[in-house]
Amino acid sequence: MSSACHIFCAKCLEPVELTIDATWLATVACPSCGESDAFSAAADEASAEFADRLACEAGRGEARGPETSRSRRYRFVFAFSPR
Ligand SMILES: [Zn+2]
């Protein structure tokens, strides 16, 4: 398993740093803005953001206001390696 964490800060688009403390609690933190949370919470958020993004892509044909709810309420997003 890679030690690289593929969760990015949604604000800075910086890869977050993963730390595991003595109690095996995994925490992620953005090296740029300091946003941090438990890894599980960050992963949940990133998952939700991803699902939201897919829903937006799928719903692109539908009428939508200019204001989509996309992403800004998420602090963490998954990153995908560019092809
Ligand atoms: Zn950040």
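Throughout, read-outs are computed from the coordinates displayed, never taken from laboratory work. Everything numeric in this text was worked out from a predicted model, so none of it was measured. Every residue, glycine among them, receives a Cβ derived from its backbone with ideal geometry; neighbour counts consider all protein chains shown.
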Quiz item: What order, most packed first, do the peptides 7-19, 29-41 have when packing is the mean number of other Cβ atoms within 10 Å of each residue?
Solution: 7-19, 29-41
Quiz prompt | Efficiency of FRET from Cβ geometry, PHE78 and CYS56, R₀ 25 Å, rounded to 0.05 | solution = 0.95
Exercise. Using R₀ = 22 Å, calculate the FRET efficiency as 1/(1 + (r/R₀)^6) where r is the Cβ-Cβ separation of ALA38 and LEU13; round to 0.05.
Key: 0.60
Quiz item: Which order results if ASP52, ASP44 are arranged by neighbouring Cβ count within 10 Å, fewest first?
Solution: ASP44, ASP52
Quiz item: Which whole-Hz ³J(HN,Hα) couplings does segment 15-26 yield from phi under the Karplus relation 6.51 cos²θ - 1.76 cosθ + 1.60, θ = phi - 60°, glycine and proline marked x?
Solution: x, 6, 9, 9, 10, 10, 8, 5, 9, 6, 7, 8
